[in-house]
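Working notes, beginning with the structure itself.
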């Protein structure tokens, strides 16, 4: 089976109907996040590159047809119109690492209707998950206020694939390293990590453990000091580091207890031992809220290692994302039921100073000379139109967008997210489409 | 690179030290969940089978050595002692699908110390993630109180791999189907799903959309009725189903709005149209809390489709899991700092009636004639000792354990989790080890 089967069944049933009805005209779908989760002042666009990989490689093969037929309990021949189907469409998207707001399209697909529909599940999965994680990691970076932050999340992410993305995306927003060896190797991110409590316990004493570790690892070492009693652990670490003249670049790691208070004690012990350049690393249940408190309290912590809560975006593990058809065969469309009204037509987002973004129709001119469009054409005729950006390029994009982000949006607690406005032309089109649907369906629909 | 690099770097640094120090004696590590998340009365053990796959295939290859050397910025030759390392140990574990409590080992590894250490990250990742998801899905099954529940989560899980597991694990606890085609095909789970709002919008009217769908899908169909106005949608669906004589087995799906109230209206419209056997499917932001409310309100909903919130276990997206060394080279060990005291020694859990579980030492006799051990030997000398269970076998295990679970633990809101007790022998050992560590380290340690 190919990745074409990594899909909700309904994409397949719909594609079958479209082919039967010869509804293969071009459709545009828009993927966006309706509302930000609580405690989010912005989102960091992510997931585009793996989405483009999926679309480039999309091809319904014979085994996929078997899987579709089995799923539908239909004869194989009923599915054969889908055999060999590839993605031949266009993608316009916000490049990875850019900051986006609620309601702004992250990506728009324009392709023959069955193709655009079959892409839905995978694209939503990639962009929702990765944007959630990148946005969470970005908040940790803000909370750390210039201190290095590293990723320790692999052990509790939702599978190894999610762990890989947590490492990649946290590096994309500026983390200094990851514990994840596979991700470090694949993405060129510094790898970090030293020892677990079990290492200390495997030796008769902490001191023996520290000395053994130093023997097999020349250069700076990080010693975990909280296996038994933290202050004693720091004293033993200080003695070993001084004896071996391994201070500069080395560190002690605190992984439990009152990290702020223990950091103060550790710093004092290290300084008194003549080891002012031995750093203090803090880890253990950290996220942007905890890091923010520690930084504000002035805790003498040099490096923050965040893990589980960031790798799963614990306070907002999903986004309110949608992939909505906005145009079919030249006709703008929209959904009207309940609160989930969607705006019709292919779109562009213009970024103005201070994130006074304007969501406009794709063909519109920028509202002024200094506005810049967020969506770029990244795929034409099913092929990438540019090379894959490096992680460093994405990091540069993020840093540039972050530098312009209003301070209220950067707050860790109760941030105020900038709100994009809608252009006059898009607003007028939405009114026209709403009236047309009312006439065609004879249904009085609510105004948004 | 092999999956051996899907690891935290510190597992590698520790393994290097162990090899250098010739510390390759047998170590036992215990993997357990310290405390249940809020709103959990039990956990469903999961993740064992993929963990055993990992261990069976574990072999540090030349490319892994390159990745380790790059991560550590060390010459390749320093890593070569790890080349060819395989897992040759024993695994005792709770089979997938069984219900477990806080503090009970899900899995214990006994292997030469470097091997047992190198397995940590991957095993924690698999068991933490999968146990969290299986437990969340189990609660949905309980909330539905006999109504079929299906999985629609793929679009917002943390990547496709996590989506696959959500489908597999929800089927394991008794879901009736999944929208995930790949998982349905691989695991033999019924696939479900019909149409999106975009399908309706692609046609000039809802009625045309419904008729076109029915043309290409013989047999029962599920029609999505909330694209414009839900009650009108139900009326149109009723007309189409009646005209085409496609009522039995067919359904309407409600995906937005006040699902309970709309279900009442939909049921009335369908009954009035002479379609009492057309079912009502509800979806849209559902989880066990929402399903519980709908069921308790008596809403005439026949099938519940849960998605995102279950696939990411939104209210508890991670578990407080740990992989702790409990014995090395015949010597029981434990960690003492802060609140994270771990009990020493290899363990067994005996299940007594009413989940009055006893956590005991591995060699102990059962506390009584009716107690049954939870951990089974599943791997010896690095090889599985039994065949992989089918999903149906795991489902049977879960159903049997669920049938015995006290009703207070099954509650959706404020459940009361049974607490395992500790055997006298384990308790006595913990005291002895604590005293020994105090003497050896000269550190007064807290009592737990």
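Note on A:148-156: average number of Cβ atoms from other chains within 10 Å of each residue's Cβ is 5. What is the angle, in °, between the Cα long axis of helix B:391-404 and the longest principal axis of the Cα atoms in chain B? Nearest 10 is fine, range 0 to 90. Once rounded, the angle reads 90 degrees.
In chain A, Cα pairs under 8 Å separated by at least six residues give a relative contact order of 22 percent. Each residue in A:157, B:205, A:121, A:194 was given a count of other beta-carbon atoms within 10 angstrom of its own, and listing them fewest first yields B:205, A:194, A:121, A:157. In whole percents, the pair-distance distribution calculated for segment A:362-431 from its alpha-carbon pairs, binned every 10 Å from zero, is 13, 30, 36, 19, 1. Binning the C-alpha pair distances of segment B:1-74 at 5 Å intervals from 0 yields a P(r) profile of 3, 11, 16, 20, 17, 14, 9, 7, 3, 0 %, listed from the shortest bin outward.
For segment A:304-387, the spread of Cα positions along the three principal axes, ordered from largest to smallest, is 48, 37, 33 Å.
Going by alpha carbons, how many degrees (0 to 90, nearest 10) lie between the helix axis of B:120-144 and the longest principal axis of chain B? Value to nearest ten degrees: 30. Summarising the strand pairing of the protein assembly as shown, around 65 percent of its internal DSSP beta bridges are antiparallel.
Note on segment A:137-311: antiparallel DSSP beta bridges, both residues inside, total approximately 0 percent of the bridges counted. Taking every Cα-Cα distance in segment B:237-367 and sorting them into 10 Å bins starting at zero, the pair-distance distribution P(r) comes out as 10, 24, 18, 14, 14, 12, 7, 1 percent. Centroid-to-centroid, using Cα positions, segment B:30-45 and segment A:202-245 are 33 Å apart. Helix A:206-216 and the longest principal axis of the C-alpha atoms of chain A enclose an angle of approximately 70°. Sorted from closest to farthest, the other copies place their residue A:261 label points 5.2 nm away, with each point set 7 Å from Cα along Cα→Cβ. Bridge orientation summary for chain B: considering DSSP beta bridges with both residues in this region, about 65 percent are antiparallel. Over segment A:17-128, Cα pairs under 8 Å with separation of 6+ residues give a relative contact order of 45 percent.
Using the empirical formula 2.2 N^0.38 Å as the baseline, the Cα radius of gyration of segment B:223-284 reaches a ratio of 0.97. In this entry, segment A:288-428 is assigned a mean projected area of 12.5 nm², taken as a quarter of its C-alpha convex hull surface. Starting from a Cα-only point model with no solvent, please compute log10 I(q)/I(0) by Debye for segment A:51-138 at q = 0.14 1/Å. Result of the Debye calculation: -0.60. Rg over Rh for segment B:168-230 works out to 1.08, using Cα positions for both radii and the Kirkwood form for Rh. Taking one equal scatterer on every alpha-carbon of segment A:117-209, how large is log10 of I(q)/I(0) by Debye at q = 0.23 1/Å? Summing over Cα pairs of segment A:117-209 leads to -1.09. Separation of segment A:73-138 and segment A:268-342, taken as the distance between their Cα centroids, equals 24 angstrom. Remark: relative contact order (segment B:140-311) = 26 percent; criterion is Cα-Cα distance under 8 angstrom and separation of 6 or more residues. In units of the compact-protein estimate 2.2 N^0.38 Å, chain B shows a Cα radius of gyration of 1.16. For the protein assembly as shown, the Cα-based Rg and Dmax, in that order, read 28.4, 89 Å. Counting only Cα atoms, segment A:137-311 measures 40, 35, 25 Å along its principal axes, largest extent leading.
Let me know the whole percent of all Cα-Cα pairs from segment A:1-124 that are separated by more than 21 Å. Here the tail beyond 21 Å accounts for 42 percent of pairs.
A short reminder: the numbers here are calculations on the coordinates, not readings from a lab. All of these numbers come straight from a predicted model, not from anything done at the bench. Cβ sites come from the backbone with ideal geometry, for glycine too, and all protein chains shown count toward neighbours.
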